[in-house]
1. Using 21 Å as the Cα-Cα cut-off, could you pick out the over-long pairs in Lys108/Lys207; Lys163/Lys295; Lys99/Lys295; Lys88/Lys108; Lys99/Lys163?
2. Using the basic label-point model (7 angstrom from Cα toward the beta carbon), what is the Asn290 to Leu127 distance in nanometres?
3. Rank by packing, highest mean first: peptides 110-117, 20-27, 268-275, with packing defined as the count of other Cβ atoms within 10 Å averaged across residues.
4. State to the nearest 20 debye the size of the charge dipole of the stretch 129-250 about its Cα centre, where the only charges are +1 on K and R beta carbons and -1 on D and E beta carbons.
5. Beyond 23 Å, how much of the Cα-Cα pair distribution for the stretch 225-329 remains, as a whole percent?
6. Provide the net charge surrounding Arg284, with neighbours chosen by a C-beta distance below 15 Å and charges set as Lys +1, Arg +1, Asp -1, Glu -1.
7. Let me check something: with ligands and nucleic acids excluded, how do Phe240, Phe119 order by accessible area (1.4 Å probe), largest to smallest?
8. Between Thr211 and Asn179, what is the FRET efficiency for a Förster distance of 25 Å, r being their Cβ-Cβ separation, to the nearest 0.05?
Amino acid sequence: MLTTINDFLIEKMGPLGPLFAVAVLGIVLVAITLPTMLKRRADPYAKLRDNARPSGIPGKRPDTEKRSLRAGRGTDKLDKFANFLEPKNEEEMTSSRLKMTRAGYRGKNAVRTFHAIQFVLGIVFLLVGVIYAIVASASDEVSTTKLILAVALPGAIGYYLPKYWLERRIQSRQQEIQNGFPDALDMLLVCVEAGQSLDQGIIRVSKELKTGYPALAEEFEIVSQEVKAGKDRTTVLRAFSERSGVPDVASFVTVMIQSQTFGTSIAEALRVYAGEMRDKRVMRAEEAANKLPTKMTLGTMMFTVPPLLIILVGPSVYDMMQLFANFSP
């Protein structure tokens, strides 16, 4: 019976037919088993034993401490998958949350949602690759290397596509903050020189920047709300620098903290730093303009030189070919 099934699979799907059948069977079994495992109820005896365990036993960590990295337990649909959709240690979790925050995703389940999207896209693209490999092997003879690439490459693309999107999102957001920061400093300087405090100036600037630079306006709004909530201004400014990840913002935060620590004039510090930011923006624009000739050289060589050579050298080459054709026996 097994020989008959094996011969049938080889006839229909090629030499790798049995392997594809085993893979599909494994996926079906996993899909059937997962709901049963996820819906399994906790053992009442184990729950009673965990509740009765003293919290001060050396080497034992209470259940709440074990799950301290997990947020929103019991309310999120992805909570049951948190064990493999989130980083396992605190350092990785902090790094992932910082990346999501810099990309503008501040939800408490942002890390879990990102890993869920990454997992789902990887599985979907992998299944697409498997289907393509089955169809290709059934219709024509395909080498094993091509079949493996056809299956593994889409899965890798689906897995790394969210990472690429996240990195691009972080870069675009940081670029927006960097471009709008000199204007924000100028407006903040005007507000401070008009008699407003630094906190009131930040609130005003956040309202004025919503149209042109929404990412920077959002960051300033968060700063103002945290100051209103009673947080220390130094802590709030450092958190602003860490969230943005922009060197100009980090330098601004250092200047503000030093001005507050040594008691110097905030308006004077803002005036000097705003001038430096304007000069730096002009320098960045000049640098980008100076890079254009180098970047255009390759395009010029590809699209200008070949047609020019064809126009100039083509007639001569044609005449030489005709001449050789006349002299040939």
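1. Numbers: Lys108/Lys207 25 Å; Lys163/Lys295 28 Å; Lys99/Lys295 31 Å; Lys88/Lys108 16 Å; Lys99/Lys163 10 Å.
Correct reply: Lys108/Lys207; Lys163/Lys295; Lys99/Lys295.
2. Label-label distance for Asn290 and Leu127, simple model: 5.4 nm.
3. Values: 110-117: 19.5, 20-27: 14.1, 268-275: 17.4.
Put in order of decreasing packing, that is 110-117, 268-275, 20-27.
4. Numbers: 13 positive and 16 negative charges, 56 e Å.
Using Cβ point charges on Lys, Arg, Asp and Glu, the stretch 129-250 gives about 260 debye.
5. Working: 3298 of 5460 pairs.
Summing the P(r) tail past 23 Å for the stretch 225-329 gives 60 percent.
6. Values: positive: Arg278, Lys280, Arg281, Lys291; negative: Glu176, Asp183, Asp248, Glu276, Asp279, Glu286, Glu287.
So the surrounding residues net to -3.
7. Values: Phe240 0, Phe119 100 Å².
So the residues, ranked largest to smallest area, are Phe119, Phe240.
8. Details: r = 14 Å, r/R0 = 0.56.
E(calc), rounded to 0.05, equals 0.95.
The values are calculated or read from the model by the stated rules, or taken from the named source; none is laboratory data. Nothing here was measured: the structure is a model prediction, and the numbers come from that model. Quick reminder, even Gly has a Cβ in these numbers, built from the backbone with ideal geometry, and neighbours come from all protein chains shown. Accessible surface areas use protein heavy atoms only, side chains included; no ligands, DNA or RNA. Shrake-Rupley method; radii C 1.70, N 1.55, O 1.52, S 1.80 Å.
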